[in-house]
Amino acid sequence: MRLPIRARLTAWYVGLLALILLALGTFLVVRLRADLLRGVDRELDTRAAQISLGLQNGCEGEFQDVSDASLVGLPIGESGAQVIARDGSLLESTGDAVVDRPLLTVGQTRLVLRGEQLRSTVTRGPDAESFRILAIALGTRPCNGAIVVATSLDDVQRSVQRLVALLLITGPAVLSMAGVGGWLLARRALRPVARMTEQAGEIGGAGLDERIDVPGGGDELQRLAVTLNGMLDRLERGVEEKKRFVADASHELRTPLAVMSSELDVSLRDPDLDPAARQMLLSTRQEVERMNVIVENLLTLARLDEGGLTLMNERVDLLGIARAAVRSVRAVADDRDVRIDVRGEQLLIRGDAQRLDQVVTNLVGNAAKYSEPGTSIIVEIERSDAEAVCTVADRGPGIEPQLAPNIFDRFVRGDRSRTRRDGGAGLGLAIAREIVEAHGGRIWAASRPGGGAVFGFALPSEPTLVTPTAGVRG
C-alpha cells in the first residue's frame, strides 16, 4: 500500500538525517581514533628519544634507570621498553610484562637497524590487549640494537567506545525527535493542500461558480490554487456553453418537428395514399414523435439546470397519479403481453401533479419495455413513516451491477443490447430524479431477488416544495 505523501516526506527526511548522522558519527570515530593515536605516537617519539640519549654510553646498568625515567607520563603498568639485538634476541626490558618477549621479528629488527622507524599496533597477552609500538635504531657500539617503546591502547579504545556509545544513544533519540518534527512540519506545510483538496471536493456540478481560496506567499501552493481556479473557470464556461447549446438546439428543433408532424398528419389523411407510402409515413411519424419526446426531455433538463422549471404546489393524490400513468402506457404493455397491477392506498401530498405523472409514467413505461412477455408489473403506493412511497417492480433483466451507481445519470440506458429506437435516449430516469429531488424526495433502483428490478421514489408526507434553482443537480 502506498503511504500518504506526509508519511513519505517524513520517512525521506528521517532517512536522509540518519545517513548524515551515520556519516558524521563514522567521521568522528575515525578522526578521534586517529587523533588519539597521533598523540600516543608523539609520546612514544619523546620517550624513545630520551631512552636513546640516555644510552649513549652503553646499556649496562643504564637501561633500567633511563627507561623508567623516560616512561613517566605513560600509563603506569601498561607501558614498557626493550632493546632487541640484531639477531632478534631480547637484550634488555622494563615495564609491562608484555615486553618480556621481543615485540619485533628478526626481519623488522634488521629493517629498523638500517635506519627506518617502525610504528605498529600489536596484540599481546592473554587478554589480546592492543599496544602501540615505536622502534628506532640505537647506533652506539656498546649497546648496538633496536629500542622498542610500547604503550597500551586501552585509553584510546575506551575513549572511542564512549563516543560510539554516546552516538548510539543520542542518534535514535535525535532521529525520533526529527521524525516527530518532520511529521509536524509536513502536516503544516501540506495543510494548504488539504484545505484546497477539501474545497475542490465540495465543488460539484451545481457549484462551478465557487473557487478555491488562494494562499499568499507567491510559492508553489499559490500557483497550484491559481491553476485549479483557472481549470474551474474553463469547466464552468464549458458546462454553461453545453447547457446553452442543449437549450438553444432544443428550442430550434421544436418548430421543424412540429411542422413535420403537421405535414405527416395531413399526408396520412389522404384516402388515396398508397399502402406502402402510408406505412413509410407512419414509421416516419413514430420517429418524429420520438424526436419530440427527446427534445422535450432536453428542454426539461435545460430548465432544471437553469432553475427555470416551475412546479405547482397543490394537493394531489399519488395513487390517482399512478393509475393515470398506467393508463397512458397500457398500450405498450398490451403489445408486450405484460400485465400492470396498481396497489395501495390513497395518499394526498403536495406537489406538481403533471411532473409527478411524468415520473411515474417514465418508471412504468421503462418497466413495460424491459419486462418479459407474460409477466406482471406491480405499482404500489404506501406510507412509510413520514413519507409517501411509490414503487414499480418488474420481472425484466434487472440492473447490471456496473450500471447501478449511474442508472439515474443522463444518457445512461439500462439495457445496452436494445436499440435507441426501443430503449430511448437515456434521459427519462435523469429527469425523474431531478423532479423527485425538486419535490424534496429521493429516488432509487435495485435488482429484485429472482430477477427483475424495483424503481421507487419517496416524497415527504407534508413536504415543503423545493423550487428548482441553478443548483439542482443535473
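The values are calculated or read from the model by the stated rules, or taken from the named source; none is laboratory data. A quick note: this is a predicted structure, and the numbers were derived from the prediction, not measured. Please note: Cβ atoms are built from the backbone with ideal geometry, for glycine as well, and neighbour counts cover all protein chains shown.
Each residue in the range 83-97 was checked for being aliphatic (A, V, I, L, M) and assigned to a strand (DSSP E or B), and 4 pass.
A single entry from 367, 388 fulfils the requirement of being at pLDDT 90 or above and assigned to a helix (DSSP H, G or I): 367. Scanning the range 324-341 for residues that are buried (at least 18 other Cβ atoms within 10 Å of the Cβ) and in a strand (DSSP E or B) yields one hit, 340.
Of the residues making up the range 179-229, those that are loosely packed, with under 12 Cβ neighbours inside 10 Å and not in a helix (DSSP H, G or I) number 6. Suppose the filter is charged (D, E, K, R) and either surrounded by 15 or more Cβ atoms within 10 Å (Cβ to Cβ) or not in a helix (DSSP H, G or I) (or both); does residue 35 pass it? For residue 35, the condition - charged (D, E, K, R) and either surrounded by 15 or more Cβ atoms within 10 Å (Cβ to Cβ) or not in a helix (DSSP H, G or I) (or both) - is not met.
Within the range 251-262, the set of residues being surrounded by 14 or more Cβ atoms within 10 Å (Cβ to Cβ) and within 16 Å of residue 285 (Cβ to Cβ) comprises 257, 260, 261. Counting the residues of the range 384-405 that are surrounded by 14 or more Cβ atoms within 10 Å (Cβ to Cβ) and at negative phi gives 14.
For the range 316-356, the set of residues classified as among the polar types (S, T, N, Q) and under 51 Å from the mean Cα position of the chain (by Cα) consists of 354 only.
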